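What follows is a single structure, written as structure tokens, with notes after it.
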2 protein chains.
Amino acid sequence: VADAPESRSRRVALDAMGGDDAPASTVAGALRARADGVEVVLVGDAQRLSAALVRAGQPDALEIVHAGEVIAMDDDPALALRSKRDASIRVAADLVASGDAGALVSAGSTGATLAASLFAFGRIRGVRRPAVAAVIPTAGGPGAEVILVDAGGTSDVQPEALVTYAHMGSAYARVRGVTSPRVGLVNVGEEPGKGNALAKAAFELLSEVEGFIGNVEPAVVLGGDVDVAVTDGFTGNVLLKTVEVLRHDPEDPGAGAAVLLGCTGTVLVAHGAATPQELAAALRTARDAAAGNLATRIAERLAAMDDTGGDGGTDEEDTSG
Amino acid sequence: VADAPESRSRRVALDAMGGDDAPASTVAGALRARADGVEVVLVGDAQRLSAALVRAGQPDALEIVHAGEVIAMDDDPALALRSKRDASIRVAADLVASGDAGALVSAGSTGATLAASLFAFGRIRGVRRPAVAAVIPTAGGPGAEVILVDAGGTSDVQPEALVTYAHMGSAYARVRGVTSPRVGLVNVGEEPGKGNALAKAAFELLSEVEGFIGNVEPAVVLGGDVDVAVTDGFTGNVLLKTVEVLRHDPEDPGAGAAVLLGCTGTVLVAHGAATPQELAAALRTARDAAAGNLATRIAERLAAMDDTGGDGGTDEEDTSG
């Protein structure tokens, strides 16, 4: 994992063609983020992006990198990625691979974003499949948050994967300023031995992980007494979406975007329906994660874990979503 | 499945010793329910229950059936049930078995309540294990609600179980006044083929079920566009508890209690921390479910389904929780 030189690594490549209302929403989000000091590179149809900037009254505010194709939400990610060599998500991922940007943000297809990232700069050693990390505000006070991993990446996993999620989530929590992250296993009860077969097996393995505090019910996850909550991508996605339905708050720092943990680069996926405000927040989060060398931190942590037995990630299953 | 004679079947047996603050909370809840016209029978330590009624200023308001023992929350349900023959939950379940009451409510151990119910009056034919049905208010307008099955009964199940849940949930929805219940499968996306292995397999089987509308994300579950949402007990419990954390509303008709579907009697389990108001709501729900002949409706529906292939419930696994 090589971090890009300081100046370029501060830039965030935005797939400006991804999202329900792109490029209007993405350009508006990028302009907001720029006002907050984030250097954004717009990737997509140069003519349309220029026109959107003109309409916004800021024709020269942002750098544009042209990409002539777009991967649609209903395209097969792996197929589309191969056939559309000039797709915006692919060109944006290449900017990160070449070090011309430090992070990637897309509100397009999560599958295509993951596939493009894996294709352009690959996975961290020890990671079988990247996981989605969602940052959810908690009742633990101002700024308090919990990182939910996996919030929607892989539905069926082995217990070992949750150990990787714990390490990756901890590394992310540290980058976000938590000194000694507490890690919990999402479960239906607090006592050891609770839950389904996956949770029971994962509990045993997680007991060896630094900072593991045991099973956590939703009240604890959302109550501020844990920093990282790990679960399979099915349960995590149901939990995340339930929270989003009941507590949609445009001021949420993490609303509308999640980090893909396990790529050798910083990648954020935003909702297709993300607002300019949410996209701006995602761009800030991406900038900060890259500045904190998130991928390097995860790689270091998993390398240390590998010495004591990792999840033995292989090179299979590279591109799907 | 025999429904008790009308007069006695209207009575609800309350395990007055179950719950964090029992018997104070249970007696207070029973008195509230009585004010709403529910005939409650208090089951538990007669001396303590009489004293609680005296303290409430209504010494003769409720019938008491004595039971000298209590099953604690941390007791093993099956073991405790066998050794404590005079446990309040057991005596209360026996009242339903003998037809002296039409329904059972307990805020004690769910496992013990399930075990006592199975021991006293058993399962409906075609049901491998009873499921927990939680009624959750939705955004579908005043009184709109969704029945979530399984909301916490069995964590690891076969896809066939979700078909049984769909039929039981539909029967319950009809008892609650829904003419043509819409049934959805809780999932992380709406398209067929989404989800984990269980959801994918269940989707195929559910396609044959009357009223099945497909996959439903949390936004649909809570949005009022489905009447019954089926899932495994692990996912369902995480979803339910997340809703409870974020939307605790003492006016919720279903808050604090859930029905055990699949017993040949009407059984409600309430939270250990249920308030008197919530216990009163649970007692009303129990009265109404019994009056609607819930168990008979479920048995009829599963019998009809059995002709076309049920989940082949066996007589194993009778008592655990």
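The values are calculated or read from the model by the stated rules, or taken from the named source; none is laboratory data. All figures in this text were calculated on a predicted structure; none of them were measured in a lab. Cβ coordinates were reconstructed from backbone atoms using ideal geometry, including for glycine residues, and neighbour counts include every protein chain displayed.
Could you list, in sequence order, all residues of region A:150-177 that are assigned to a loop (DSSP other than H, G, I, E, B), at negative phi and more than 12 Å from chain B (Cβ to nearest Cβ)?
A:GLN158, A:ARG176
Does B:ASP252 satisfy being more than 16 Å from the chain's Cα centre (by Cα) and either more than 10 Å from chain A (Cβ to nearest Cβ) or modelled with pLDDT under 95 (or both)?
Numbers: more than 16 Å from the chain's Cα centre (by Cα): no; either more than 10 Å from chain A (Cβ to nearest Cβ) or modelled with pLDDT under 95 (or both): yes.
Considered against the rule, which asks whether it is more than 16 Å from the chain's Cα centre (by Cα) and either more than 10 Å from chain A (Cβ to nearest Cβ) or modelled with pLDDT under 95 (or both), B:ASP252 comes out as no.
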Open item on the list: Being touching a residue at least 24 places away in the same chain (Cβ under 8 Å), in contact with an Asp or Glu (Cβ under 9 Å, 6 or more places away or on another chain) and within 14 Å of chain B (Cβ to nearest Cβ) is the requirement here; does A:ILE136 meet it?
Closed with: yes
Task: Evaluation of B:SER83 against (1) surrounded by fewer than 23 Cβ atoms within 10 Å (Cβ to Cβ); (2) in contact (Cβ under 8 Å) with a residue 12 or more places away in the chain (one fails), failing number - done: (2)
Open item on the list: Condition first: surrounded by fewer than 19 Cβ atoms within 10 Å (Cβ to Cβ) and under 28 Å from B:LYS194 (Cα atoms). Now tell me which residues in region A:160-191 satisfy that.
Closed with: A:GLU160, A:GLY189
Task: Criterion (farther than 25 Å from B:GLY292 by Cα, away from chain A (no Cβ under 14 Å) and either assigned to a loop (DSSP other than H, G, I, E, B) or at pLDDT 95 or above (or both)) met by exactly one of B:GLY189, B:GLY214, B:GLY223 - done: B:GLY214
- [ ] Report yes if some residue within region A:139-148 is at pLDDT below 95 and within 14 Å of chain B (Cβ to nearest Cβ); otherwise report no.
- [x] yes
Open item on the list: Can you tell me how many residues within region A:39-55 are surrounded by fewer than 24 Cβ atoms within 10 Å (Cβ to Cβ) and either under 17 Å from A:ARG287 (Cβ atoms) or not hydrophobic (A, V, I, L, M, F, W, C) (or both)?
Closed with: 7
- [ ] Give region A:192-211 a look and list any residue that's within 14 Å of chain B (Cβ to nearest Cβ), of a type outside the set (S, T, N, Q), buried (at least 16 other Cβ atoms within 10 Å of the Cβ) and in a loop (DSSP other than H, G, I, E, B), or say none.
- [x] A:LYS194, A:GLY195
TODO: Kindly check whether there is at least one residue in region B:175-196 that is out of contact with any strand residue (DSSP E or B) (no Cβ under 8 Å at 6 or more places or on another chain), touching a residue at least 24 places away in the same chain (Cβ under 8 Å) and polar (S, T, N, Q).
DONE: yes
TODO: Name, by its number, the condition in (1) assigned to a helix (DSSP H, G or I); (2) over 22 Å from B:ALA199 (Cβ atoms) that does not hold for A:ILE147.
DONE: (1)
Open item on the list: Just the residues that are under 18 Å from B:GLY152 (Cα atoms), part of a helix (DSSP H, G or I) and not aliphatic (A, V, I, L, M), please, taken from region B:68-116.
Closed with: B:PRO77, B:THR110, B:GLY111, B:THR113
TODO: Could you figure out which of (1) of a type in the set (S, T, N, Q); (2) under 22 Å from the mean Cα position of the chain (by Cα); (3) within 8 Å of another protein chain (Cβ to nearest Cβ) isn't true of A:SER180?
DONE: (3)
